[in-house]
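The values are calculated or read from the model by the stated rules, or taken from the named source; none is laboratory data. Predicted, not measured: the structure shown is a model, and the values here were computed from it. In this analysis, Cβ positions are derived from the backbone assuming ideal geometry, glycine residues included, and neighbour counts consider all displayed protein chains. Each accessible area value is taken on the protein alone, full model and side chains, heavy atoms only, with ligands, DNA and RNA left out. Shrake-Rupley method; radii C 1.70, N 1.55, O 1.52, S 1.80 Å.
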Amino acid sequence: MIETKTLFLRTHITVTEGERAILLTNGVLTGILRPGRHGFWSLARKISCEGHAFKDPVFRSVYEQAVRLRPELMAQHLTEVRTGAAEVAVLYRDEKFHSVLGPDGRCLLWTDAGPWRVETIAVPDTLEVDGALSRRLAAAGSVDRVKRFVVEQGQTGLLFVDGAFIRTLEPGLHSFWNTGRTVNVKIVDTREHAMEVTGQEVLTRDKVSVRVNLVARYSVTDPVRAVSTVKDYADALYRSLQHAFRQSLATRTLDDILSRKGETDAEAAAAVRHEMLAVGIEVAGIAIKDVVLPGDMRDLLNKVVAAEKDAEAQVIRRREETNATRSLLNTARVMAENPAMLRLKELEALEQIAAKVQSLTIHNGTRGLLEDIASLSAR
């Protein structure tokens, strides 16, 4: 810390290591003091000083212009750095990053606070920063001079400088000089997406109001065209689907829509694909996801379906009864032509009866029992 004392008309100024002092005599710059003890007669004049510590190696002072007018002081104590309109300077102090000086910049550094190394870089029209330098600046915590954008895998970045498109950016980290110009990167996802158009009220050809939900798969094939042609390409696709299928479904009956649910009109789908291709969007597939009927129409349709199913059930029942009768008739014909077959059936019936009672008494053999059963059935 600089110490100033006046004793017996003599002013003593002590400058420590890592400091410099601007000497002023009656307010006029007369020199720059190095470390040590300095004595000056103060008779009839005022001796003062302005201290500077190397903790801040950049020379900042109200006397900067006065110092610049003293070439000998500049050469002995200060290092000047200047940049052009399309240049930046990266300052290294003892080979460690210190700061970045922007275009049309100028600064003074204390030479003894170094050693200093200045790397002057021409700023390209894209304002892009070299990858290695960008990482070094980021590691040093310099975030004010550089803008950084990350483009993920499956995305494309569009670089705009002062509102004008420059080029596309591949996935990765991209850094740009923050030199007063407007730099913006618009990220466009080029992966496949699904879009749903829900709750579209449509009046069918037979005057039935239904709500239809559509789904479409699409991907961005030309990001530049997709961004520059329309304000919002997703909204443009939504409106194209909405308009095309409102017109298409209005020409079909309710039965046609329900019987071919999931199918879409080929002409409407082709119109949507052609329109969106001009915007840089490829539409892969379009399908009707849901058809929602009004409550009364839904109840009526359920009754119709129930009646149809009941009629089908009646037909099946009559068919089965006819088959059963035909089977019995064939069995009777076989038994009439084959007495042994009839005898075998009688024994099977006897076996079933015996399985359901505890005891069974047979008179006159099985033949007499069967004749009695036959006679009972005849009565």
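Here I286 sits with roughly 20 square angstrom of accessible surface, probe radius 1.4 Å. Report summary: the helix-based calculation at 222 nm, which adds -39500 (n - 2.57) for every DSSP H run with n ≥ 4 and divides by the residues of the chain, gives -11500 deg cm²/dmol.
Computed over protein heavy atoms with a 1.4 Å probe, the accessible surface of the chain works out to 61 Å² per residue. For K46, the aspartates and glutamates whose Cα falls under 20 Å of its own Cα, not counting residues fewer than eight places away in the same chain, are E3. Annotation: extensible slack from D125 through V28 equals 30.3 nm (criterion: 0.36 nm per residue apart, minus Cα-Cα distance).
Calculated FRET efficiency, A44 and D94, Cβ-Cβ r, R0 51 Å, to nearest 0.05? Let's see the in-between values first.
Values: r = 45 Å, r/R0 = 0.88.
For A44 and D94, the calculated efficiency is 0.70.
Reachable lysines from K289, Cα under 25 Å, same-chain residues fewer than 8 places away excluded? In chain and number order, the partners are K207, K261, K303.
A simple spin-label model places the labels of T331 and A349 1.1 nm from each other, with each point 7 Å out along Cα-to-Cβ.
Farthest towards the positive end of the charge dipole of the chain, among the residues G141, A355, L258, is the Cα of G141, using unit charges on the Cβ of Lys, Arg, Asp and Glu. Accessible surface ranking for T325, T11, 1.4 angstrom probe, highest first: T325, T11. When S142, S209, S228 are compared by accessible area at a 1.4 angstrom probe, the order from most to least is S228, S209, S142. Given that just one value was derived from the coordinates, which of (i) 105, 32, 18; (ii) 94, 29, 16; (iii) 37, 21, 20 is semi-axes √(5λ) of the Cα gyration tensor in Å? Entry (i). For R333, R82, the ranking by accessible surface with the largest value first comes to R82, R333, using a 1.4 Å probe.
Under a model in which nothing but the beta-carbon of Lys, Arg (+1) and Asp, Glu (-1) is charged, the chain shows a dipole of about 1180 debye around its Cα centre. The apolar share of the surface of the chain, taken as the fraction of accessible area on carbon and sulfur atoms (1.4 Å probe, ligands and nucleic acids excluded), comes to 53 percent.
Net charge near A278, counting Lys/Arg +1 and Asp/Glu -1 over other residues with Cβ under 12 Å of its Cβ?
Numbers: positive: R225, R273; negative: D222, E275, E282.
Around A278, the surrounding residues sum to -1.
Taking amide H positions as modeled 1.01 Å from N, with prolines and chain starts lacking one, the residues under 5 Å from G31 and 5 or more places away or on another chain are L23. For a paramagnetic label modelled on D206 (point 7 Å from Cα along Cα→Cβ), amide N atoms under 13 Å away belong, within segment 230-256, to 252-256. A straight Cα-to-Cα reach below 29 Å connects K96 with the lysines K55, K147, residues fewer than 8 places away in its own chain not being considered.
Using a simple spin-label model with pseudo-atoms 7 Å out from Cα toward Cβ, D56 and R317 lie 10.1 nm apart.
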